[in-house]
Each structure stands twice: as C-alpha cells, then as structure tokens.
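What follows is a single structure, written as structure tokens, with notes after it.
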Amino acid sequence: MSKRTRRSEEPTEEELADRYYRRRHEEGDWGEPELLEKPARLDMTLSVRFTREELDAVRAAAEQAGVKPTTFIRLAAIEAVSRRPVDRARLEQDLARAVELMRDAQRALAS
C-alpha cells in the first residue's frame, strides 16, 4: 500500500510513476507521438563588454528570470529591436511644446 503525502485525492508522483511504469507497454495510454518544432540554430556569436557592475546586474536579472545570462542578453536584444524606435525629432518637439505650456502656466499663475 502506498502512502499519500497530500490531503487531496490526487496520486503522489511516486504513485503516478509506478502506475505508468506498470502500464508502459499498453499502447492506448500514450496516443500518437507529436512532432516537435526544432528551434533555429544559434550559430552566430557577438562579443559584448560590460563593466563589473553591469555584468553583476545582468547575472542577477537572468537568475531572477530563470535563464542563463547569455540567454537573458539575447532575449533582451531581440525585444529591443522589435520595439518601434524613438523618433528623436518628434520627442524634442513634444518636449519643447511641454516646456512652453509650463511657462504659460507659470505666467498665468504669477499674474
């Protein structure tokens, strides 16, 4: 008789493993195999330099995300290039307009 380590009626991992092992030759349990999509081959390398502090921050963020630092850097780079680039000229115009509006508001408050 196997022990139940949980309160619910779900079998423990040990019980599941034993059940599947005993029925491993029964074909109806497994269904048809599914083809897996092969990931793209990562065959290009780019060297990047970091300060010690930057690399420590990257390593900490990668650990928190549960990936290796190289994977973290690659994913961050891919995300960055997929975003729409900043239109600097438009940004400068918007900032100048915001400064103008703030000055108008200051003058209105002062009068």
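Normalised by 2.2 N^0.38 Å, where N counts its residues, the alpha-carbon radius of gyration of region 47-104 equals 1.74. Per residue, the Cα convex hull of the chain amounts to 374 Å³. The phi torsions of region 95-109, fed into the Karplus equation with coefficients 6.51, -1.76 and 1.60 and a -60° offset, translate into couplings of 5, 4, 5, 5, 5, 4, 5, 5, 5, 4, 5, 4, 5, 5, 6 Hz, rounded to whole numbers, with Gly and Pro shown as x. Toward the positive end of the charge dipole of region 47-104, with +1 on the Cβ of Lys and Arg and -1 on the Cβ of Asp and Glu, the farthest Cα among ALA57, VAL67, ALA89 is that of VAL67. Compared with the dominant Cα axis of the chain, that is its longest principal axis, helix 13-22 is turned about 50°.
Have a look at ALA57, ALA40, ALA77 and tell me which one the Gaussian network model of the chain (Cα, springs below 10 Å) gives the largest fluctuation. The residue that fluctuates most here is ALA40. Counting Lys and Arg as +1 and Asp and Glu as -1, what is the net charge of the other residues whose Cβ lies under 12 Å from the Cβ of ALA96? Summing Lys and Arg as +1 and Asp and Glu as -1 gives 0. Protection proxy ranking of 44-55, 94-105, by the mean of other Cβ atoms within 10 Å over each peptide's residues and highest first, is 94-105, 44-55.
Just so you know, all these numbers are worked out from the coordinates, no wet-lab data involved. Note that the coordinates shown come from a computational prediction; the quantities given were computed from them, not determined experimentally. Glycine gets a Cβ as well: all are built from the backbone with ideal geometry, and neighbour counts include every protein chain shown.
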